[in-house]
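Participant: Below is the structure I would like to discuss, written out as structure tokens.
The values are calculated or read from the model by the stated rules, or taken from the named source; none is laboratory data. All figures in this text were calculated on a predicted structure; none of them were measured in a lab. Note that each Cβ is placed from the backbone with ideal geometry, even for glycine, and that neighbours are counted across all protein chains shown.
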Amino acid sequence: MQIKERVEPHGTILDIVGDLTYANRSAFKAATDKAKQGGCRHLILNMEQVRFVDSAGLGLLVLVSQSFKHIQGQVGILKPQSYVLEIMNLSNIPKMIPIYDSEDDARIARAA
């Protein structure tokens with residue numbers, strides 16, 4: 001898994017490439033913790049290049065979302081692939097974390 005951080009005026013975007021699984025949990029947690037500790041209150045997880053998410057990955061998404069809610073922050077998911085989106089829908093992730101089709105939609109929601 002590779003994660004690239006992009007800091008923007010209204011938050012941070014993490015571009016994730018690879019699989020969000022138990023095996024990659026440390027890299028994901030380190031990247032989200034770094035953003036949070038850097039003062040980020042609005043985190044967008046760009047999952048356009050994520051091919052697979054397992055149950056541990058889904059759990060990480062929920063934990064990160066809850067962690068940001070505790071600091072009055074927000075997490076959103078950007079452009080998941082259809083297979084990943086299907087897994088998220090089956091797990092009710094969209095009820096907890098908003099999913100956006102474009103960076104512009106995510107930026108508008110962050111700025112609001």
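Participant: Exactly one of (1) in a strand (DSSP E or B); (2) modelled with pLDDT under 95; (3) among the small types (Gly, Ala, Ser) is unmet by ALA106. Its number?
Facilitator: Unmet for ALA106, out of (1) in a strand (DSSP E or B); (2) modelled with pLDDT under 95; (3) among the small types (Gly, Ala, Ser): (1).
Participant: Among the residues of region 35-56, count how many are farther than 22 Å from TYR100 by Cβ and either at pLDDT 95 or above or touching a Phe, Trp or Tyr at 6+ places or on another chain (Cβ under 8 Å) (or both).
Facilitator: Total satisfying the criteria: 3.
Participant: State the number of residues belonging to region 1-21 that are loosely packed, with under 13 Cβ neighbours inside 10 Å and outside any strand (DSSP E or B).
Facilitator: Final tally of qualifying residues: 1.
Participant: Separate question: Only residues in region 65-83 that are among the aromatic types (Phe, Trp, Tyr) count as the first member; pair them with residues that are part of a helix (DSSP H, G or I) and surrounded by 15 or more Cβ atoms within 10 Å (Cβ to Cβ), Cβ under 9 angstrom, at least 6 apart or cross-chain, and list the lot.
Facilitator: As it stands, the answer is PHE68/THR32; PHE68/LYS36, since those pairs meet every condition given.
Participant: For region 18-30, give me each residue that is of a type outside the set (Phe, Trp, Tyr) and more than 12 Å from the chain's Cα centre (by Cα).
Facilitator: Listed by number, the residues that qualify are GLY18, ASP19, THR21, ALA23, ASN24, ARG25, SER26, ALA27, ALA30.
Participant: Moving to a separate point now. Of all residues in region 41-87, which are on the phi < 0 side of the Ramachandran plot, assigned to a loop (DSSP other than H, G, I, E, B) and more than 13 Å from the chain's Cα centre (by Cα)?
Facilitator: ASP54, ILE71, GLN81
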